[in-house]
Each structure stands twice: as C-alpha cells, then as structure tokens.
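Novice: I have a structure here, written as structure tokens, and I will follow up with some questions on it.
The values are calculated or read from the model by the stated rules, or taken from the named source; none is laboratory data. Every value quoted in this text rests on a predicted model; they were computed, and no experiment measured them. Note: ideal-geometry Cβ built from the backbone for every residue, glycine included; neighbour counts use all protein chains shown. Surface areas here come from the heavy atoms of the whole protein model, side chains and all, with no ligands, DNA or RNA. Shrake-Rupley method; radii C 1.70, N 1.55, O 1.52, S 1.80 Å.
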Amino acid sequence: MSRDQILGAIRRSLKRGALPADQQAMLRDRLQRHPRHPIPARSRLPHTQQVDLFVRNVEKEFGTVARVAAPEDVPAAVADYLATQNLPGRIVLAPHDELRAMPWSTRPLLEIREGRAQASDLVSVQHGYAGIAETGTLMLPSAPNRPTTLNLLADTEIVVLRAASVVGAYEEAWDRLRAEFGSMPRNVMLVTGPSRSADIEQTLELGAHGPRRLHIVLLGESDSA
Amino acid sequence: MHIATSPAFKENASKALSNAGLQKALARSGPSFIARRAAAVAALPEFEALRDAARDIKNHALANLDFYLETYERNVLESGGKVHWCTTADEARAAVLSICQAAGAKTVTKGKSMIGEEIAINDHLEAHGITPVETDLGEYIIQLRHELPSHIIAPAFHLNLEDWEEAFRQAHTDLPADRTFHERRDILIEARTKLRSSFLAADVGITGANFLVAETGSSVIVTNEGNGDLTQTLPRIHIVLASIEKCVPTLEDTVSLLRVLARSATGQDFSVYTTFSTGARRPGDLDGPEEYHVVLIDNGRSAMLGTEFQDMLRCIRCAACMNHCPVYGAVGGHAYGWVYPGPMGSVLTPGLIGVDKAGHLPNASTFCGKCESVCPVRIPLPGLMRHWREREFERHLVPSAVRANLGIWAWFARRPRLYRLATRAAAFGLGLAGRRRGRFSRLPLAAGWTAGRDLPAPEGDTFFARYAREKRSGTLQ
Ligand code: SF4
C-alpha cells in the first residue's frame, strides 16, 4: 500500500503517470549500457605506471606494499612482514585456491587456519580481486573463498594481489567484475588504506574499528599477465 | 521523536556564541575542513566537470525516480533481500521494530545514519526494550551525551578532548581510576575495545545508505572507521535505512558521485571503506547476514519533487556547505535545532518539519554564496533559502518587526563577534557592512532578497530527447 502511495506521489509531483513504454525502454537501455561519465585522466597510463600509481596511492593512504616476483615468494613475504611488525606468526587465510597453492610449508613456524575471521584473530590474509590505481583502492568482492570478515576483524590485514589485477579507474574494475561474476556479489568492499577516525577533535587517528594496518603483497611484474 | 528547537534559533544562536567550549571547537576544526577540501580539489583538474556530471546524474535519477525505485526493488528481491516501503517516519519506525521483534533482538548495533536521526529510531527501539548502540565514534559519544549530532559527517564536531574523557568516565564505569585519557589515541582504543563486544553481541545491525543502486539492488555505505561494515556483516540481520532520493541508476553513476563525495566532505580522494551490499548471505558464504531488509522512506521527499525544492533532493550529504558557512562557523550545528544543520539544513528542515517550525532557518544566512560554490551537486542553496523566505512572507508567519529588519539575517549582521568570525571567510560582504552598522538597506547583499527564481529545466526530458537524437544519428555508445 505504501509502495503504491509513494510511487503515486512521485508521479503526481512530477506531473505525469507511469513512464510510457518507449521511455522505459530507453531507461532500461541506459541501465544495460551503464554509460561512463568523465574519468580523471590521472590513471590513463601504461600498465606498469598504473601499478606504480597504485602503490604510491596506497602508501599515501597509510597502507604498505611489498612487491614479490612469484607466488612461491608470498609465504616468506608474509612471514617477514609479521616479524618486522613484531606480530605473532599466526594467520587466518582466505580459502582461495590461488593462496592455497602457495608453498606455506616452507614457513613451518607460520600457524595457519583457513576460513572466516574470528574476533580473536590478529592477522588475516585475504585474496585481492583488483587494485584501482586512481586512488590506491582494493576491490574485495565477497565469495565463499573470500570472506568479508577477513577485511574487518583482524588488527592487521594482509592482501595478496596480482599486479596484473591492477586497473586504472573504478569503471574498469566494475567491468571485470560484471564479466567474471555475472551478478553482483553479496558484498563488494572498496578499501583504501587502514581504518581511521577523525571524530575526536577532527584530527586523524589510525586504527578505529577495522584493521589498524593494511599491508599489500603485490605479486608479479606489472607487465606479466 | 526529537523535539525541534528550530523555532528558537535566535536564542540558540545567542547561547552558542557565548559557549566557550563550542567556540574553541569551531575555531579549531572549521579551517581544517576548508583547507583539506581545497587541497583535494586542487589535485584533481577534472573536479568541475565531475561536479557537472554529479548534478546531471542526480537530476536524471530524480526525474525518473519511480522507474528506478521499481527497478531497484526488483533487484533487491532477486538477490534475496526485502524492501519495506514507508510513507512516514512512523511507518519506518514500526517496520524496523517489527523486524527486530520478529528476530527476538535484544541489542542492535548501528552505523551512522542521518535518516535514522530523522526518524529518531533509537528512541523508538529503546522504548520497546531493545538497546541500540551507535558504533561510529562520533555518534557513540553523542548517544552517551543524549545529544543530536552537530554536523552531518562529524557528529561530535562541537566537542573537545575533555568532553570525551568526561563522557567515557561516566559511561564506562569499569574504568580503573588511574586510566588516563591525555591523548586522542587513548579515547580511540577505549572505544574500539568497548564497541568490539557490542558488534559481536548484536542480533541486528542497522546502517544508512549513501546510495541505492537500481542496476544491482545494492545499498552503499561510506565510512572511514569500518564500523558500518562490522555492523552490517556480523549480526544475523542487516537493516538498511534509506530515503527514496538515494536511488541512482548504475555502478558507473555511483562511482562518479563517489569521486566528488569524499573530496567535498573530508578532503580525502576516497573514503577508507566504500561498501556495496546486495541481499543476504549466498550459498557457500562463510559470513554475512542471513536476512537483508531495506526500509525505504519517503517522509516528505516525494512532495518536494516537482517544486523549486526538487534541487535539494540531489544532496549527497557531504557537509561542504556547512563547513564553508560563516553562520555555521559561528554558532555550530545545535543552534539549528534539529537533525540537519547549516545551509542544507536551512533548506531541508522547513521541507521536512514544516515552515511554521523551521521558518527562521532560511534567514540564518548571509547570502555570501559560499555554500553553493562548493556544493558538489551544485544545489542553489541561497536561492532555495530565498524561496522559503518568500513562502514565509506569503504565509504571514513573520512578525512585522522581523519583516522590517530582514529577520535574523540582520540580527546576525549586528553581532560584532560574529562579524569577526564571519569576515574571516573570503567572499563575504558583511565585513564591509559592519563598518556602517544599521544601514543594511543600502547594501548590495539585499539584492539577494529580491532576486528572481531560476528554476532548472527538468533533466528528464533532455535525456529522452538526447537519447532519441543519438539513436537516430547512431552515436549512442
Ligand atoms: S547541500 Fe551540497 S554541499 Fe551541502 S551537504 Fe548537500 S551535497 Fe553537500
């Protein structure tokens, strides 16, 4: 009832009835084509430079990045990061095949649990879907192998991202997502740096409710596919 | 329901001017917002073009709002969510309560939501034995202090470190006596620890929405703390509160609006967490809510469509207008007496609670034009305030003495303290005026009073016309 009331009130205010069929068709067509608006030129670069821009922007937003050449290097990069930060060698890992295939056994001191994060987890390792150079933003769509809680509950989030998955603008990441997922995943987080708040005296403090540290292990040369 | 003190704007403003703590907070925080936005804008050469795009997107969405809301609803249903259409605040409160009661909820965590403030959902839940816990740091202390937010993106704008300490010591009774709060960091850690347990215990999480995306049926929230994400991810049920004008067509439209939102608000290029939620937990998912409800609220919006106030519905709640307003900068947000302060509040509040209660607010302006010049969706705020003033005159709500004086505008202009604060803002004519007190009728500012209306052409027609044209000429991409 309220539904009809609201739609009716909107149409009355706009001084028309429901849109005629041809206009509805045009709007449906616009939805299907989802045209782009002006996109800032800053990310229109060769791919290697897009990756560099991504890294610069992540660091500007208080994230950190370690670059490694091959999947085999990831466990060592994770362990080294934990050591330099004086963090315990205990991680909760996204149950993603790409991460599973990495040689974690070469780091026997690393204690690994797979699955979603719990409140007691200090460090999570997430699979990065895309990096957006424009603002140093990670795109993290939810899936059974990419639980959302990994982005939220741990004090430190480490994201393993292929350099090949870095794109220039948000629009390019949406196109990839549409092509690969078909429909919208339940949750898509765009994450730019670690959690923060400026609510106390409008002065920035890092580490509000989400992770205090965001570390990205960037995998592969930027020009490798 | 919050009792609006907007009718007492004058008294509120007087009190605000002599409130030392408030003045300290305003002097500290005001200039930094302005500087941060300016830096973000300077770093993006396309910013003005993006503002045009943002305005056009919202105009297009509003001109076809019925179509996009129906599309949005269909996609929410398809992704396993539910939409509860609510004409009034009462209906919205009842809808939220019944979802909570059906779930047997005892505690509810909340992300920051201005529509939540507007419908005063916390009071309603509390009255029915359900405990709401605000999780945005600023909202949390506002809740502890039983106040309204004084700013739409920085609810605790009016507070200083000592106020935080006092509120925490009172509310967190388990604090050891020797626990110190000398640093902002100490406050943050205490809040993080306390609220963690609330996140884990809550049965329902309630968030607002910056946007609703018709194409996908998604609700979008934007935060820096991550509290909104914990709120919508951990509990069994997620409720989204959103007003109807939040609906935009596509993901491309949404990111175009996001490009101007954070820059205008906090001066960030992008907020830390921008999250698109679409329906309930999917098969195989290891986390996420099992139920996803959208409480879709009109509460006065549809009546603004098709009037000169339709432009106001483009507002994306960035707060740039209040950050740059000399009046807000002098008296803070509480003086405005209700949920929405500053220039956007002066236009929106009379539309939502009635010009009889909020008729003073459109006068709380110097017509310096700064708000319009920074608004990312180019809302002609001073012009809309003038429209309210004209309506107010027509309705003879204005006492004759006020009428003669051009109301609170003149009142403001005669306050030397306010002068000094106000003249700090650039492009502000009152500094000049201050030197010839009492002779306002001769000032160019008064021209603002009589300037004519400039109704924007409805964008919907141009879209269809353009579409047909482009289709014919084959330029449609
Ligand atoms: S009116 Fe404009 S500047 Fe003010 S909050 Fe809304 S969008 Fe921002």
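Novice: Quick check on region B:358-398: of everything there that is part of a helix (DSSP H, G or I), of a type in the set (Lys, Arg) and in contact (Cβ under 8 Å) with a residue 60 or more places away in the chain, which residue is most open to solvent (accessible area, probe 1.4 Å)?
Specialist: B:386
Novice: Please work out which residue is nearest to the ligand (Cβ to nearest atom), limiting yourself to region B:302-323 and to residues that are within 14 Å of residue B:350 (Cβ to Cβ) and at the interface with chain A (Cβ under 10 Å from one of its Cβ atoms).
Specialist: B:304
Novice: Examine region B:253-265 for a residue that is more than 16 Å from the ligand (Cβ to nearest atom), over 30 Å from residue B:29 (Cα atoms) and within 10 Å of another protein chain (Cβ to nearest Cβ), and state whether such a residue exists.
Specialist: No, region B:253-265 contains no residue that is more than 16 Å from the ligand (Cβ to nearest atom), over 30 Å from residue B:29 (Cα atoms) and within 10 Å of another protein chain (Cβ to nearest Cβ).
Novice: OK, next. With at the interface with chain A (Cβ under 10 Å from one of its Cβ atoms) and farther than 28 Å from residue B:377 by Cβ as the only criterion, which of B:287, B:298 stands out?
Specialist: The match here is B:287.
Novice: Select from region A:158-203 the residues that are over 22 Å from residue B:220 (Cα atoms) and at pLDDT below 95 and write down the one among them that is surrounded by the most Cβ atoms within 10 Å (Cβ to Cβ).
Specialist: Among residues in region A:158-203 that are over 22 Å from residue B:220 (Cα atoms) and at pLDDT below 95, the one surrounded by the most Cβ atoms within 10 Å (Cβ to Cβ) is A:200.
Novice: On to the next question. If we only count strands (runs of 3 or more DSSP E) wholly inside region B:115-225, which ones have 1 or more residues that are more than 8 Å from every other protein chain (Cβ to nearest Cβ) and open to solvent by 20 Å² or more (accessible area, probe 1.4 Å)?
Specialist: Filter on region B:115-225 gives B:131-134, B:218-223.
Novice: Same structure, new question: Of the conditions (1) touching a Ser or Thr at 6+ places or on another chain (Cβ under 9 Å); (2) within 12 Å of another protein chain (Cβ to nearest Cβ), residue A:114 fails just one. Which one is it?
Specialist: Checking residue A:114 against (1) touching a Ser or Thr at 6+ places or on another chain (Cβ under 9 Å); (2) within 12 Å of another protein chain (Cβ to nearest Cβ), the one that fails is (1).
Novice: A follow-up question, please. Take region B:165-187 and flag every residue that is in contact with an Asp or Glu (Cβ under 7 Å, 6 or more places away or on another chain) and of a type in the set (Lys, Arg).
Specialist: The answer is B:184, B:185.
Novice: Is it the case that some residue within region A:53-68 is in contact with a Lys or Arg (Cβ under 9 Å, 6 or more places away or on another chain) and not assigned by TED's automatic domain parsing to the domain that holds residue A:138?
Specialist: No: region A:53-68 contains no residue that is in contact with a Lys or Arg (Cβ under 9 Å, 6 or more places away or on another chain) and not assigned by TED's automatic domain parsing to the domain that holds residue A:138.
Okay, residues lined up against (1) assigned to a strand (DSSP E or B); (2) over 30 Å from residue B:201 (Cα atoms); (3) open to solvent by less than 10 Å² (accessible area, probe 1.4 Å):
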site: A:77; (1), (2), (3): no, yes, no
site: A:81; (1), (2), (3): no, yes, no
site: A:95; (1), (2), (3): no, no, no
site: A:105; (1), (2), (3): no, yes, no
site: A:108; (1), (2), (3): no, yes, no
site: A:112; (1), (2), (3): yes, no, no
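Novice: Within region A:65-73, identify whether any single residue is within 24 Å of residue B:271 (Cβ to Cβ) and not aliphatic (A, V, I, L, M), and answer yes or no.
Specialist: no
Novice: Within region B:101-112, restricting attention to residues that are within 25 Å of residue B:300 (Cα to Cα) and open to solvent by less than 10 Å² (accessible area, probe 1.4 Å), which residue is nearest to the other protein chains (Cβ to nearest Cβ)?
Specialist: Within region B:101-112, the match that is nearest to the other protein chains (Cβ to nearest Cβ) is B:111.
Novice: Hey, another quick one. Report, by residue number, each residue of region B:279-301 that is of a type in the set (S, T, N, Q) and within 16 Å of the ligand (Cβ to nearest atom).
Specialist: Scanning region B:279-301 gives no hits.
Novice: Every residue in region B:345-357 that is within 13 Å of the ligand (Cβ to nearest atom) and open to solvent by less than 10 Å² (accessible area, probe 1.4 Å), please.
Specialist: Those that are within 13 Å of the ligand (Cβ to nearest atom) and open to solvent by less than 10 Å² (accessible area, probe 1.4 Å): B:345, B:346, B:347, B:348, B:349.
Novice: Do we find a residue being touching a strand residue (DSSP E or B) at 6+ places or on another chain (Cβ under 9 Å), buried (at least 17 other Cβ atoms within 10 Å of the Cβ) and either of a type in the set (S, T, N, Q) or not in a strand (DSSP E or B) (or both) anywhere in region A:22-44?
Specialist: Yes, there is a match, as at least one residue in region A:22-44 is touching a strand residue (DSSP E or B) at 6+ places or on another chain (Cβ under 9 Å), buried (at least 17 other Cβ atoms within 10 Å of the Cβ) and either of a type in the set (S, T, N, Q) or not in a strand (DSSP E or B) (or both).
Novice: If I ask for residues that are surrounded by fewer than 24 Cβ atoms within 10 Å (Cβ to Cβ) and farther than 11 Å from residue A:191 by Cβ, which ones from region A:131-145 would you list?
Specialist: A:141, A:143, A:144, A:145
Novice: Okay, next question. In this structure, is residue B:342 more than 10 Å from the ligand (Cβ to nearest atom), modelled with pLDDT of 90 or more and at positive phi?
Specialist: no
Novice: Then there is this: Just for region A:48-64: of the residues that are touching a Gly at 6+ places or on another chain (Cβ under 9 Å) and away from chain B (no Cβ under 11 Å), which one is surrounded by the most Cβ atoms within 10 Å (Cβ to Cβ)?
Specialist: It comes out as A:54.
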